[in-house]
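Worksheet: the structure to be examined is printed underneath.
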Amino acid sequence: MLLYNGQLLLDEDFALTLPNRGLFFNDGFFETLVWTDGSIRYLPHHLARMERAAAALGLTLPPELVTAEGLTHMLGKLATGSAHRLRLQLWRSGGGLYAPETTECSWLATTRPFQPNDAPLATTGFAETVQTRLSLVSFCKGPESLTYVLAARERIQRNLDELILLDTAGHVAETVSAAIFWISDNCLFTPALTTGCVAGVRRAHLLQVAKKHGLECQEGLFQPAALLRAETVFTANVAGIRVLSGVGEVRWDTVSPLLFSIRGWEAGQ
């Protein structure tokens, strides 16, 4: 089953109408959401990013998706039973060439079973063929998707578990599909959004929780050497927190106790 503009349909009964600006021009964005226990995880952060993405693209969000209650009610039609990984795709309605004809959106929600993933990452390297770039829409998911497609190809070709992307100035930015963090000297570090990384909802939640519990957090522009000197490095997205066992020749045999504290703080929210 899927949801198309609020209508519940069988997969085989769904077809995109043309012209479709999402297909033709990538004129839209998407959210990846986790549904468990009758609610959406990190819901305030999803809503904030959706609002920001819509403003950046000049889109008017459908009224049924703009509030926590509305979004939960609507996606609850699709997410019944066990845990779900939901994809909410929004694109500009209408036709035209590059110049849009409307600010209105169409939307599609699909689902698959949610599989949490907290497994350590044994092999990681720095990207060699792909860089992140700051733009008006680099913070949201969708407009820069080809960057991550190419990064995922490089990761597979190099037989790595994960790939760390750098920005055009050589600063650490993110991984293929997750934010990156590290712990040094009782401080939590993560790249700033000015690197062109995605403004991940798990990233936002972790920083919020860490600051609430008095942990010093630094968002900034960091060279790879700063990450390689860390006590612990990990990735974070809606699927889980994954500790890096090493990057290239650098290995980490222990995990900082602070990460266990952070996991506990998150679980208590």
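All of the numbers you see were taken from the coordinates with simple rules; none came from a lab. Model, not experiment: these values are computed from the prediction. With ideal geometry, Cβ positions are generated from the backbone for all residues, glycine too; neighbour counts draw on all protein chains shown.
Quick notes on this structure:
- With θ taken as phi - 60° and the Karplus curve 6.51 cos²θ - 1.76 cosθ + 1.60 applied, the whole-hertz 3J(HN,Hα) list for segment 93-106 is 6, x, x, x, 8, 4, 6, x, 9, 7, 9, 6, 10, 10 Hz, x standing for glycine and proline.
- The long axis of helix 145-157 is offset from the longest Cα principal axis of the chain by roughly 50 degrees.
- Taking the fewest neighbouring Cβ atoms within 10 Å as the starting point, the ordered list for 93, 82, 106 is 82, 106, 93.
- Both radii are taken from the alpha-carbon atoms of segment 1-134; with Rh as the Kirkwood radius, Rg/Rh is 1.01.
- Annotation: the residues 262, 156, 241, 164, sorted from fewest to most other C-beta atoms within 10 Å of their own C-beta, follow the order 156, 241, 262, 164.
- Taking amide H positions as modeled 1.01 Å from N, with prolines and chain starts lacking one, the residues under 5 Å from residue 188 and 5 or more places away or on another chain are 216, 217, 218.
- Amide hydrogen neighbours beyond the local backbone of residue 123, cut-off 5 Å, H modeled: 161, 162
- Gain upon complete extension [residue 39, residue 137; 0.36 nm per residue less C-alpha separation]: 32.5 nm
- Burial ordering of 74, 50, 1, fewest other beta-carbon atoms within 10 Å first: 1, 74, 50
- Our coupling estimate for segment 158-170, obtained by passing each phi through the Karplus curve with A = 6.51, B = -1.76, C = 1.60 and θ = phi - 60°, is 8, 6, 10, 7, 8, 10, 9, 8, 10, 7, 5, 9, x Hz, Gly and Pro reported as x.
- Point-charge dipole on Cβ atoms (K/R +1, D/E -1) for segment 155-228, about Cα centre, debye to 20: 200
- Relative contact order (%) - segment 124-267, alpha-carbon pairs under 8 angstrom, separation at least six: 24
- Rounded to the nearest 20 debye, the dipole magnitude of segment 124-267 is 340 debye, with +1 charges on Lys and Arg beta carbons, -1 on Asp and Glu beta carbons, and the Cα centre as origin.
- Working note: Karplus 6.51/-1.76/1.60 with θ = phi - 60° gives segment 127-143 the couplings 4, 10, 10, 10, 10, 8, 9, 5, 8, 5, 10, 5, 6, 9, 9, x, x Hz, where Gly and Pro are set to x.
- Positive-end ranking of 148, 80, 94 along the dipole of the chain, with charges on Cβ about the Cα centre, is headed by 80.
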